[in-house]
Amino acid sequence: MPESTEIARIADRDGVALVPVGATEQHGPHLSVTTDTVIAAAFAAAASARVAKDVATWVLPAIPFGYSPEHAGRPGTISLSPDTLLALADDIGRGVAASGIRRLLFVNGHGGNPELLHVACRQLRERRGLAAFAVHVPGLPLPPELTEGVTTGDLDAHAGHYETSVMLSLDPAAVRRDAARADGLAEVTAAAASLTRPFGAVSVPWHVDDLSASGVIGDPTTADAGWGARAFAAQAATLADIVRAVAAHSLPPEWVHSRRGDAE
Ligand SMILES: [Zn+2]
């Protein structure tokens, strides 16, 4: 973590604040409740290293909690209320702005956070004058050769092939492979058949209890450290391109910010 003087230099270079956002929630019997936070922090660090020659970045400490009502009631789940997450994002953005950094990117690892982070980014623009963005990194596209023969999308929603593979590549000792079991595949397929696009155009406030006894939605038994490393590298490269785009993005005009004051 940089010192204050280094952060001032990052501000002088029109740098970007990278804020990893995770969750603390059940991830089945084989992955840690910290999985989303570990993955978000690893992506932010990897992207920062990839852009180091062109873009100054400040990788902030990861927010270890997110919005996880869909895993409420399972041991290990600690969900922020929406108001708390929005207030936390605003406080962090205020401190980033006061440090002289006007571009911020939330690097998110938990699927329940994006809607709130989109609201947070709008508030940070209007209230703090930041060019604020959020990216859900596990949702970034994978090369076609990585999506053949494995469960993807809604059938890989939680603690399945993707997350288990990435964790095997980042921290194999943290994965209990012997406890990994597929779950929820038939339930998700049935739910998808009953709606046009269940987790896309149509909002479905699912709870894990609707879909899975174990807490897993997907098939972690196919997980592979090599696949996880390739997926991580591909998405980290895309994330680095996004960081470069954020660094080059125009800032909200100062006069608009000061006139609008505390506009929501
Ligand atoms: Zn997760």
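Brief remarks on what is shown
- Projecting the Cα atoms of 68, 243, 22 onto the charge dipole of the chain, computed from C-beta unit charges around the Cα centre, puts 243 farthest toward the positive end.
- Other residues with beta-carbon under 15 Å from the beta-carbon of residue 108 carry, at +1 per Lys or Arg and -1 per Asp or Glu, a net charge of -4.
- Residue ranking by accessible heavy-atom surface, 1.4 Å probe, largest first, among 169, 4 comes out as 4, 169.
- At a probe radius of 1.4 angstrom, the accessible area of the chain per residue rounds to 46 square angstrom.
- Accessible surface of the chain, 1.4 Å probe: 56 percent of it comes from carbon and sulfur atoms.
- Placing dummy labels 7 Å off each Cα toward the beta-carbon, the span from residue 213 to residue 118 is 3.6 nm.
- Most mobile of 145, 115, 126 in a GNM of the chain (Cα contacts under 10 Å): 145
- Column: log10 I(q)/I(0), Debye, Cα scatterers of the range 156-195, q = 0.19, 0.22, 0.33 Å⁻¹: -0.61, -0.72, -1.12
- Only helical runs count toward this figure. For the chain, summing -39,500 (n - 2.57) over DSSP H runs of n ≥ 4 and dividing by all residues gives -13500 deg cm²/dmol at 222 nm.
- C-alpha long axis of helix 114-128 to longest principal axis of the chain, angle in °: 10 degrees
- Assuming charge only on the beta carbon of Lys and Arg (+1) and of Asp and Glu (-1), the dipole of the range 4-255 about its Cα centre is about 840 debye to the nearest 20.
- Tilt relative to the chain, helix 35-51 - C-alpha long axis, 0 to 90 degrees, to 10: 50 degrees
- For the pair residue 5 and residue 233, the difference between a 0.36 nm per residue extended length and the Cα-Cα distance amounts to 79.0 nm.
- Cβ-defined net charge surrounding residue 37, 14 Å radius [Lys, Arg +1; Asp, Glu -1]: -4
- Over the chain: Rg over Rh, Cα atoms, Kirkwood Rh: 0.99
- Using a probe of 1.4 Å on the protein chains alone, the accessible area found for residue 94 is around 110 Å².
- Listed residue (31, 143, 45) projecting farthest to the positive dipole end of the chain, Cβ model: 45
The values are calculated or read from the model by the stated rules, or taken from the named source; none is laboratory data. This structure is a prediction, so every number in the text was calculated from the model and none was measured. Positions of Cβ are generated from backbone atoms using ideal geometry, with glycine treated the same way; all protein chains shown enter the neighbour counts. These area figures cover heavy atoms from the full protein model, side chains too; ligands, DNA and RNA do not enter into them. Shrake-Rupley method; radii C 1.70, N 1.55, O 1.52, S 1.80 Å.
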